[in-house]
Amino acid sequence: MIPPIFRDALVFASLLTMLSTGLTLTYMTTKVPNFAHGNFATVGAYLTLALTKVLNLNPYLTIIPSLVLGGLTALILYVLILKPLLDRGANYIVLMIATIAYDMILYSLINIFADFLSRTYKVTTRLFILKSFDFKLLGQPGLFITAPLIAILIVLALYVLLNKTKFGIGMRAAIENPSLASVVGINVNLTYAISWFISGGLAGIAGALMPIWLMCNPDVGMRLIVSIFAASIVGGLSNIYGAFAGGILIGLAEVLGTGYLSLEIGTWVIPYRPIIPLLIMAVTLLFVPRGLTGINWRKILRRS
Amino acid sequence: MALPVELTFIIDLLAFIGIFAIIALSLNIEFGYAGIPNFGKLLAVAGGAFFVGAVPGRVLAFLYGLMDNLDYVGDNTKILFGVNKILSADAFSSIALLLISLICAASAGAVLGFIASYPAIRLKEDYLAITLLAMAEILRTIGYNYEDLVGGTKGIAIPDPFRWVGGELRYTVATITILIVLGLIMLYVEFLARSPLGRTLRAIRDDELSAEAYGKDIVKFRMKTLMIGSAIAAIGGALYAFLSGSVTAVGFDRVTHTFWPWVMVVIGGAANNFGVLLGAAVFVTLRKVITFYKDLFKPYLPFDVVWMEYLLLGIILIIVLIYRPEGILPEKPSRTLSMKRINEIMKRVKSEEKE
């Protein structure tokens, strides 16, 4: 028998990896921390809610539309906002402000959609959960199996894309040295736009799966953003596999840490859960600011 | 004596312009002059308000001997009734309470700014921005859940330093106090902008490497800036608490106390204190007008009007960033000495050389 807290931890960690890899991908290409990333997932979560409640679809089937919508949401941010700013020579602080402004726009749109949905279709859009739509697999809740599986598939797909395809190698070149890449005929702008689409799409997948497990509210993305950033920073912000590892670490630490502490010192610690990713992030920034992937593991292993 | 409705509206407007102008000016020091993206403005504002919610009431209750086995948060209404009764008869203590609380809140804000920025102060600004945002979220979480601080979601009443004025005039006096503090802060930030510190900050903002080459300790200056900025923002938060007579953790969120000040600074004009003042005034007035006419739109929209407002603000901010990034009043070049004065100095130097 698997204790429920391990299930919670594994599902949450898997969802977090989908978000942190996307955040890191856009940070690598455009060099801007995207403060709107959490709300890409919320957009997916609300699309899933609408499709399941209004059209009676299974939430797993909404992964694809949610991916597309998340991707488009991210693409709009890049094409309509960040690209014009970059063309005008804006520095990255201005870009960050723009992502915060976009976050606000998404947040209001999500709320408008939620209000519309609840008034027109009488659907609960605040604090909703779609757990009853999940299936059972080997006596376990379906998401406990599928979420880690999807997370691993995503990171494998990213590995293949970045290392085995011509496009991916071009993208890596565009990340390393944009001007040199454009000299050899790589369309840097297109690769960046596609990286934003992928990033938003991954967040969309996480958003589609989120309501199956977590209580969702319009501000769920804004709450998650601290954990997402913590995961990406622990991973080093410049390596998507690092972001994957960071997502697992932060996800497990957050859920298991809160679980054990609530058993040890009392249930009053549960609301303070967001402090755990923040503490891990602060320690990382103080001692290994370049993250897990910035550590020279080989050197440490040789020394010991 | 009852004030006419129009006057009440204007006084209320001025009070909020004052508070938000203080917060926006503090952000202007950090972002406008020093180029630090403080996305955790909420931290210092809430810090100042939480300090005022938690400390002065307890100290006064202890000094007046009203604590006898009462729980400060649980029996808050009862204790504060006693404290306010004594305060309302004692103008001197009330003013002392206000001044001491503001100074202590500013110090608390500075300490919070220091702690929050410490993990990332040596790193690139984007790490700093993320860390500050996360720290602000943590303080908010603590404020919501740790009831001993400011009563959690229920909120807490605080000692009222304006009660001695009495009745209708209380709010007016509070507003005048806010405007006086704003005036002092405005003088200070203008002085700061023209001081060597202000010029150093701008040098660091424009070219970190050259500033460092001239021997400026960037980390130290950044830390100093964040502490000054957080102290001022904490004064804004504390004044807000004194104005409303209570502190509610739910009243402090990322939208109101981080995003709005950013809108004011960017639209008004970063690194121009008058621009930021104008930005705050325009922003608060617009919001007030929208809230005033909110009920008119209500029947026509299938959603809450407040989201429409957020949506418009986000779009306006992005349009300003793209088409007029310098804001309404752009930054002015630093003042130099007049040509006459420079010629005088050159003459003097030359005559000294001859000798």
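Rule-based calculations on the coordinates, nothing more; no lab input. These numbers come from a predicted model, not from an experiment. Because the Cβ atoms are built from the backbone with ideal geometry, glycine has one as well, and the counts that use them run over all protein chains shown.
Under 15 Å from a label point set 7 Å out along the Cα-to-Cβ vector of B:Leu169, no amide N atom of the range B:224-246 is found.
Simple spin-label estimate for B:Glu355 and B:Thr8 gives 7.1 nm between the two label positions (7 Å along the Cα-to-Cβ direction from each Cα). Between A:Leu137 and A:Phe287, the simple spin-label model (points 7 angstrom out along Cα→Cβ) gives 3.7 nm. Express the relative contact order of chain A as a whole percentage, based on alpha carbon pairs under 8 Å and six or more residues apart in sequence. The value is 34 percent. With 10 Å bins beginning at zero, the pair-distance distribution over Cα atoms of the range A:4-220 amounts to 9, 33, 32, 19, 6, 1 %. A crude spin-label estimate for the pair A:Ile5 and A:Leu263, with each label 7 Å from Cα along the Cβ direction, gives 0.4 nm.
So, R0 is 45 Å and r is the distance between the beta-carbons of B:Asp217 and A:Arg303; what FRET efficiency does that work out to, to 0.05?
Numbers: r = 33 Å, r/R0 = 0.74.
That gives a FRET efficiency of 0.85.
For chain A, the mean residue ellipticity at 222 nm estimated from helices alone is -24000 deg cm²/dmol, where every DSSP H run of n ≥ 4 contributes -39500 (n - 2.57) and the total is divided by all residues, rounded to the nearest 500. Given their separation in residues at 0.36 nm each and the Cα-Cα distance between them, B:Ala89 and B:Ser107 gain 3.6 nm when the chain is fully extended.
What does the charge add up to near B:Arg163, with Lys and Arg as +1, Asp and Glu as -1, over the other residues with Cβ less than 15 Å from its Cβ? Let's see the in-between values first.
On the way: positive: B:Lys85, B:Arg170; negative: B:Asp90, B:Asp160, B:Glu168.
Overall, the nearby charge balance is -1.
Would you order A:Phe128, B:Phe114, B:Phe50 from fewest to most other beta-carbon atoms within 10 Å of each residue's own beta-carbon?
On the way: A:Phe128 18, B:Phe114 15, B:Phe50 28.
The fewest-first ordering by Cβ neighbours comes to B:Phe114, A:Phe128, B:Phe50.
For B:Ser246, the residues whose amide H sits under 5 Å from its own are B:Ile158, ignoring neighbours fewer than 5 places away on the same chain, with H placed 1.01 Å from N.
Between the range A:75-139 and the range A:1-69, the alpha-carbon centres lie 11 Å apart. Taking max minus min of the alpha-carbon positions on each principal axis, the range B:107-195 gives extents of 51, 43, 17 Å, largest first. Note on B:Arg341 and B:Phe191: with the Förster distance fixed at 25 Å, the Cβ-Cβ geometry gives a FRET efficiency of about 0.80.
Starting with the fewest neighbours, write out B:Met227, A:Met215 ranked by other beta-carbon atoms found within 10 Å of each beta-carbon. Each step should come with its number before you reach the end.
Numbers: B:Met227 20, A:Met215 12.
Sorted ascending by nearby Cβ count, the order is A:Met215, B:Met227.
State whether the range A:200-304 is rounded, prolate or oblate according to the following rule on the C-alpha gyration tensor (a ≥ b ≥ c being the square roots of its eigenvalues): a/c under 1.5 gives rounded; otherwise a/b larger than b/c gives prolate, and the remaining case gives oblate. Provide the component values of the computation, followed by the final result.
Values: a/c = 2.33, a/b = 1.35, b/c = 1.73.
Oblate shape, in that a/c is at least 1.5 and b/c is the bigger or equal ratio.
Once the Cβ-Cβ distance of A:Lys166 and A:Leu127 is raised to the sixth power relative to R0 = 56 Å, the FRET efficiency obtained is 0.75. Please report the spacing between the Cα centers of the range B:242-297 and the range B:308-342 in Å, no decimals. Here the two parts' Cα centres lie 17 Å apart. Note on chain B: Cα Rg divided by 2.2 N^0.38 Å, N the number of residues, gives 1.10. Computed 3J(HN,Hα) for the range A:83-88, one whole-Hz value per residue from the Karplus formula 6.51 cos²θ - 1.76 cosθ + 1.60 where θ = phi - 60°, is 4, x, 5, 4, 5, 8, glycine and proline marked x. Once a ≥ b ≥ c are taken as the square roots of the eigenvalues of the Cα gyration tensor of the protein assembly as shown, is the result rounded (a/c under 1.5), prolate (a/b larger than b/c) or oblate (a/b not larger than b/c)? Judged from the Cα gyration tensor, the protein assembly as shown comes out oblate (a/c at least 1.5, b/c at or above a/b). Exposure proxy ranking for B:Glu326, B:Glu352, based on other Cβ atoms within 10 angstrom of each Cβ and starting from the fewest, stands as B:Glu352, B:Glu326.
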